[in-house]
1. Calculated from DSSP H runs of 4 or more alone, at -39500 (n - 2.57) each and per residue, what is the 222 nm mean residue ellipticity of the chain, nearest 500?
2. Give me the one-decimal nm value for the distance between modelled label points at Ala219 and Ile16, 7 Å along each residue's Cα-to-Cβ direction.
3. Rounded to the nearest 20 debye, what is the charge dipole size of the stretch 246-365 about its Cα centre when +1 sits on each Lys and Arg Cβ and -1 on each Asp and Glu Cβ?
4. If each residue of separation counts as 0.36 nm, what is the full-extension length gain between Lys49 and Gln167 once their alpha-carbon separation is subtracted?
5. State, in angstrom, two size descriptors of the stretch 321-365 derived from its alpha carbons: Rg to one decimal place and Dmax to the nearest whole number.
6. Tell me, what HN-Hα J-couplings in whole Hz come from the Karplus equation 6.51 cos²θ - 1.76 cosθ + 1.60 at θ = phi - 60° for each residue of the stretch 264-279, using x for Gly and Pro?
7. Of Lys168/Lys207; Lys92/Lys150; Lys197/Lys276; Lys207/Lys302, which sit over 21 Å apart, Cα to Cα?
8. Work out how much length Lys296 to Asn133 would gain on full extension: take 0.36 nm times their residue separation and subtract the Cα-Cα distance, in nm to one decimal.
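The values are calculated or read from the model by the stated rules, or taken from the named source; none is laboratory data. For clarity, every value in this text was computed on a predicted model and none was experimentally measured. Every residue, glycine as well, gets a Cβ built from its backbone with ideal geometry; the counts of neighbours run over all protein chains shown. Note: areas computed on protein heavy atoms with side chains; ligands, DNA, RNA excluded. Shrake-Rupley method; radii C 1.70, N 1.55, O 1.52, S 1.80 Å.
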Amino acid sequence: MKDKKKNIVICFTFAILLAAGFLSCVFAPKTDYLYSERRRPSPFPAVSKDTLFSGRFMSGFERYAADHFPCRETFRMIKALSLVKMFGRQDKNGIYAADGYLAAMEYPLDEASFAHALARFGFVCDAYLTENNRVFLSVIPDKNCFLAPKSGRLSMDYSEMERQTEQKADFAEYIKISDLLELDDYYHTDTHWRQEKITDVANRLAKAMGADISQDYQAHTLNRGFYGVYYGQAALPFAPDTLCYLTEEDMEGCRAYDWQNGRQIPVYDMERAAGKDPYELFLSGALSIITIENPKAPENKKLVLFRDSFGSAIAPLLISGYSKITLVDIRYIHPDMLGKFIDFTDCDALFLYSTLVLNHSDTLK
């Protein structure tokens, strides 16, 4: 009789918890954006005879319930901590934590992807550049380059990638910057480098291209914490980064134009800084073509910067050396279209890409 009462209590408690969970999923306030994962949650699936009998309704409902489950972020963190601390997992979905940093395991070196990237850069040179254009190329090592070896994780051979770049990219002069970088130059929870840490990189690039840039910067700190893209993917408890940006006198009179949306934009977009991804502070985030004009430039010197998202942070540091900088991201616009927007006459060209893009160059058009 005692066991029967105990079983009844257990079943009754389980039923209450199940009902409470169900009612919370149905009636609790719904979020319209998952900030930690930088995506919108799955919508409630359409109810119809076709979706019910095909199984699409239940598949959609599972995604909807998972995205709107009460205390979802807390349960994600508990799961991540259990995998890492209790079961000794080295990573969660390819993201690992070491020395107070989060990083993605980038392994191995995909030589076919690397060759494809160089082929796309060569295509751009053949299509638009002549012997009157000086062409440069530089590779940005990702954070894993510095973090993986001392934490015992797998990583690609970054020195081999750099050697092959210098050897195979016969269309450009290679500018080495890896020796100027270290782990502290990157955000703890994000992919990118910290602008306030790369002034030496900007200076080397400028000098190699024959430009003279200002070194008289004023640092500003964003008044909110910055949780990078790895923070949401890892779901581990990490303190936010501090996001700083640098200004100098020439930036004040600059005009930046977003060709993708046909609008003027600021060099530092404070509206984006207060939004879902504060890193979009730098030139308003992912855009295909941006032109920055500097009326204070001492001479008519132009640069076309082919770049990924790392380029958004370093481009403002180069402004003082050029009358015009055009940023191009061929992940978002096909190179065949560039002639409609860009005059390549008497300009320098710099291909500046991270190893993350070079090792996954299917993103390049």
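1. Details: 12 runs with 125 residues, N = 365.
Theoretical 222 nm ellipticity from helices: -10000 deg cm²/dmol.
2. 5.5 nm
3. Values: 12 positive and 18 negative charges, 49 e Å.
The dipole magnitude comes to about 240 debye.
4. 36.4 nm
5. Reported Rg and Dmax, both Å: 12.2, 33.
6. 6, 9, x, 4, 10, 8, 6, 5, 5, 4, 8, x, 6, 10, x, 5
7. Lys168/Lys207; Lys197/Lys276
8. Values: separation 163, 0.36 × 163 = 58.68 nm, distance 2.32 nm.
Taking 0.36 nm per residue and subtracting the Cα distance, the gain is 56.4 nm.
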